[in-house]
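Engineer: Starting off with a structure, shown below.
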Amino acid sequence: MISSHEMKLYKKQLGINGWGKQIQDKIKETSVFIAGAGGLGSPVSLYLAAAGIGKLIICDNDRVEHSNLNRQILHGFNDIKRFKTDSASDRLKELNPYIEIKLYNEKITTNNSINLVSGADIIVDCLDNFHTRFIINEVSVKKRIPMVHAGVAEMNGQVTFICPPETACLECFMPKKSKRGFSIVGATAGIIGSIQAMEVIKYITGTGVNLKNRLLIFDGKNNRFESINLFRNPNCKICGKIDRRSQ
Ligand SMILES: [Zn+2]
């Protein structure tokens, strides 16, 4: 239950149509697994902490570098060389001392992924490489935990909401390619990460419509948003065997 002290933090969102204290209590009872505390993980965790998500589980095993600071707004100049999880935790506690933050200073692998996401109600893919994304996709499908996927590069981004068998999974539509060291302007991650946070909040509160089977594509140079339909691959090796009847 949320104390009256705590309620002051959420005053400006409690008045949203269909929201109120009951919904705020529900938000407090929710656990979100955030894979990556970088460019996307920064706006995602900041906005989810600010909204009052009860428990944020953050996983990242990198240290803060100078080149991160143009977009990774969880971290500051004085955090350089610290673990991103430590720096993230300090910043998020400063923003909202009422939430619980669980940190995993680990690399996500096929061996540890089930343990990492255990207890999470939803997963947010804030990763920067395809290899780990596919690991997280697989555990999301296997454990039936919905996942908000996003990717960014330069001034472009994409977002979708994944929850097979209702939707396609990453493996159904995403080509396996490995591109490291891309360029990016920080605001791109800010825009796309904020949309991911909205997707999580909408899912928890039951407000609005999630991006199910829709890939939202952002073209920052021309300020255009468009979405394309996604379809499940019935032969998908990850979600192909999931049956709607076994839900
Ligand atoms: Zn699939």
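Engineer: Looking at segment 154-172, I want the residues that are under 16 Å from K237 (Cα atoms) and modelled with pLDDT under 95 and have a partner that is within 12 Å of the ligand (Cβ to nearest atom) and not in a loop (DSSP other than H, G, I, E, B) with Cβ atoms under 7 Å, at least 6 apart or on another chain. Which pairs are those?
Structural biologist: P164/V141
Engineer: Just wondering, is there one or more residues in segment 13-26 that are in a helix (DSSP H, G or I), modelled with pLDDT of 95 or more and under 30 Å from I80 (Cβ atoms)?
Structural biologist: no
Engineer: Something else: Out of the residues in segment 27-56 that are of a type in the set (S, T, Y) and in a helix (DSSP H, G or I), which is surrounded by the most Cβ atoms within 10 Å (Cβ to Cβ)?
Structural biologist: Checking each candidate, the answer is S45.
Engineer: Further, regarding this structure: Considering (1) more than 20 Å from K202 (Cα to Cα); (2) touching a helix residue (DSSP H, G or I) at 6+ places or on another chain (Cβ under 7 Å); (3) within 16 Å of the ligand (Cβ to nearest atom); (4) of a type outside the set (S, T, N, Q), say which one P165 fails and leave the rest.
Structural biologist: The number of the failed condition is (1).
Engineer: Still on this structure: Looking only at segment 102-113, decide whether some residue is touching a Phe, Trp or Tyr at 6+ places or on another chain (Cβ under 6 Å) and outside any loop (DSSP other than H, G, I, E, B). Spell out how you get there, then give the answer.
Structural biologist: Start the filter on segment 102-113 by keeping residues that are touching a Phe, Trp or Tyr at 6+ places or on another chain (Cβ under 6 Å), which leaves 105.
If we keep only those that are outside any loop (DSSP other than H, G, I, E, B) as well, we get none.
For segment 102-113, residues touching a Phe, Trp or Tyr at 6+ places or on another chain (Cβ under 6 Å) and outside any loop (DSSP other than H, G, I, E, B): absent.
Engineer: So, one more: Regarding L46, is this residue within 17 Å of the chain's Cα centre (by Cα) and either at pLDDT 95 or above or among the aromatic types (F, W, Y) (or both)?
Structural biologist: Here the answer is yes, as L46 does meet what is asked.
Engineer: Assess whether E199 counts as being under 17 Å from F161 (Cβ atoms), more than 16 Å from the ligand (Cβ to nearest atom), buried (at least 19 other Cβ atoms within 10 Å of the Cβ) and charged (D, E, K, R).
Structural biologist: For E199, the condition - under 17 Å from F161 (Cβ atoms), more than 16 Å from the ligand (Cβ to nearest atom), buried (at least 19 other Cβ atoms within 10 Å of the Cβ) and charged (D, E, K, R) - is met.
Engineer: Of all residues in segment 83-109, which are closer than 17 Å to G36 by Cβ, in contact with a helix residue (DSSP H, G or I) (Cβ under 6 Å, 6 or more places away or on another chain) and of a type in the set (S, T, N, Q)?
Structural biologist: Hits for segment 83-109 are S87, N105.
Engineer: Is it the case that segment 116-134 has a residue that's more than 14 Å from the ligand (Cβ to nearest atom), part of a strand (DSSP E or B) and over 19 Å from L211 (Cβ atoms)?
Structural biologist: Residues of segment 116-134 that are more than 14 Å from the ligand (Cβ to nearest atom), as a first pass: 116-132.
Cutting the leftovers down to part of a strand (DSSP E or B) gives us 122-125.
Still in the list and also over 19 Å from L211 (Cβ atoms): none.
Within segment 116-134 (the criterion being more than 14 Å from the ligand (Cβ to nearest atom), part of a strand (DSSP E or B) and over 19 Å from L211 (Cβ atoms)), the answer is no, since none of the residues qualifies.
Engineer: Just give me the residues in segment 89-147 being touching a strand residue (DSSP E or B) at 6+ places or on another chain (Cβ under 8 Å) and at positive phi, in sequence order.
Structural biologist: Scanning segment 89-147 gives a single hit, G119.
Engineer: Name the residue that is farthest from K202 (Cα to Cα), counting only residues in segment 121-152 that are free of Cβ contacts under 8 Å to residues at least 40 places away in the same chain and either among the polar types (S, T, N, Q) or touching a Ser or Thr at 6+ places or on another chain (Cβ under 7 Å) (or both).
Structural biologist: I135
Engineer: Now a separate question. Does segment 175-193 hold any residues that are under 18 Å from the mean Cα position of the chain (by Cα) and buried (at least 16 other Cβ atoms within 10 Å of the Cβ), and which are they?
Structural biologist: Of everything in segment 175-193, those that are under 18 Å from the mean Cα position of the chain (by Cα) and buried (at least 16 other Cβ atoms within 10 Å of the Cβ) turn out to be G186, T188, A189, G190, I191, I192, G193.
Engineer: Of the residues in segment 57-77, how many are outside any loop (DSSP other than H, G, I, E, B) and without any contact (Cβ under 8 Å) to a residue 60 or more places away in the chain?
Structural biologist: Of the residues in segment 57-77, 7 are outside any loop (DSSP other than H, G, I, E, B) and without any contact (Cβ under 8 Å) to a residue 60 or more places away in the chain.
The values are calculated or read from the model by the stated rules, or taken from the named source; none is laboratory data. None of the values given here were measured: they were computed from a predicted structure. Methodologically, a virtual Cβ is constructed for each residue, glycine included, from the backbone with ideal geometry; neighbour enumeration extends over all protein chains shown.
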